Amino acid sequence: MDTRQLAAFCAVVERKSFSQAAERLGVTQPAVSLQVRSLEKRLNRKLLDRSGRRVEPTEAGLALYRGAQRMLALEGQLIEELDAGAGGDLGGTLQVGASTGPGSTVVPVLLCEFQRANPGVAVSLSISDTQSVVDRVAERELELGVVGAARRHRGVVFEPFFRDEVVLAVPPDHRFAGSTVSLEQLREEPLIVMQEGAGVRQVIEDELRGAGTRLRELEPRLELGLQESVKAAVVAGYGVTFISRAAIESDLAAGTLATARVKGLDPAREISLVRSAGRSPTRAAEAFLDFARERL
């Protein structure tokens, strides 16, 4: 079976669009259409339903998609093994996505160290919110994701990577600095929160529910995107925020921020590794994970 046809077919299923599949594969839309038509003719099956606004696989198409994923993964693995047998050094591109917490602290350093140890590997890191990273791993735009909250998604699998403490960050001269405060006291302060989809926000919402309250009951005054935005607002004195401790270590050392604890809350999160379900990892990805786990 022609793996180029299978690759085109899988790209259409994942993108639900011939034009977007063509863009992903770096070919023209007529070329993708021709590959899929040839595959349908060869199998004597209608594989895609083109009648709606989005292209959807038929029942036969879904069955083929599952098998085609395995076949394409095996092809990639075989090519890697042949390359490894020829030279032995790691090569290729490792595409990783991370949410703002781990993506601004731990992950970049690990990737830099890994790339220095394996100069034949090109590394690409993209930063966005947790949900976007998960979606891109599911669509196989990224091989690995590192996120601060494990959100249910049938297209990916999560596994523990490392733990991260979440703290209440305050200005260094704030009355909360270095102390433990109640939820009632916290309600009196301008609370700055991250946007929906941020891992830290989900952790705090879960902790508050366990304490019998809701985030909205704390009356957040500002919602300012992701980690760097809320940190900048606290440094400037506009309020307090929950944030990953790892993200403010340098600020704590410099004295530009301080931390406080909230009675009844013990927010910590499991930083999770995200992989696409059913995808065989490349040698570069496996080597990076072994490298990272030795250091975390």
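In the elastic network of the chain, a GNM with C-alpha springs shorter than 10 Å, the most mobile of Thr259, Thr28, Thr105 is Thr28. Taking every C-alpha pair closer than 8 Å and separated by at least 6 residues, the mean separation divided by the residue count of the range 3-86 gives a relative contact order of 29 percent.
The Arg54 and Arg154 beta-carbon pair, evaluated with R₀ = 22 Å, returns a calculated FRET efficiency of approximately 0.80.
Using Cα-only point scatterers and the Debye equation, what is log10 of I(q)/I(0) for the chain at each q in 0.10, 0.14 Å⁻¹, rounded to two decimals? Relative scattering, expressed as log10 I(q)/I(0), comes to -0.67, -1.02.
A DSSP coil position with no more than 14 other Cβ atoms inside 10 Å describes the following trypsin sites (Lys or Arg not before Pro) in the range 210-296: Arg214, Arg221, Lys263. Of all lysines in the structure, the ones whose alpha carbon falls short of 22 Å from that of Lys41, not counting any fewer than 8 places away in one chain, are Lys16. Principal axis extents of the Cα atoms in the range 212-253, from largest to smallest and rounded to whole angstrom, are 33, 21, 16.
Between the alpha-carbon centres of the range 113-176 and the range 27-75 there is a gap of 32 Å. Residue exposure proxy: Glu56, Glu196, ordered by other Cβ atoms within 10 angstrom of their Cβ from fewest to most, comes out as Glu196, Glu56.
Annotation: amide H-H contacts under 5 Å for Ile271 (H modelled 1.01 Å from N, sequence separation of 5 or more, or interchain): Phe161, Phe162, Arg163, Asp164.
The mean of 1/r over all pairs of different alpha-carbon atoms in the range 153-296, once inverted, gives a Kirkwood hydrodynamic radius of 16.6 Å. The calculated FRET efficiency for Arg37 paired with Thr93, based on their beta-carbon distance and R0 = 41 Å, is about 0.85. Taking amide H as placed 1.01 Å from N in the peptide plane, Leu94 has its amide H under 5 Å from the amide H of Ala122, Val123, Ser124, each at least 5 places away in sequence or on another chain. Under 8 Å for C-alpha pairs, at least 6 residues apart: give me the relative contact order for the chain, rounded to a whole percent. About 22 percent, as a whole number. The DSSP beta bridges internal to the chain are antiparallel in roughly 60% of cases. Size check on the range 3-86: the Cα extents along the three principal axes, sorted descending, read 47, 25, 19 Å.
Rounded, prolate or oblate: which one fits the range 17-144, using the alpha carbon gyration tensor with axes a ≥ b ≥ c (rounded when a/c is under 1.5, else prolate when a/b beats b/c, else oblate)? Cα axes put the range 17-144 in the oblate bin.
Here, each number is a calculation from the coordinates, and none is a lab measurement. All figures in this text were calculated on a predicted structure; none of them were measured in a lab. FYI the Cβ positions are ideal-geometry reconstructions off the backbone, even for glycines, and counts take in every protein chain you see.
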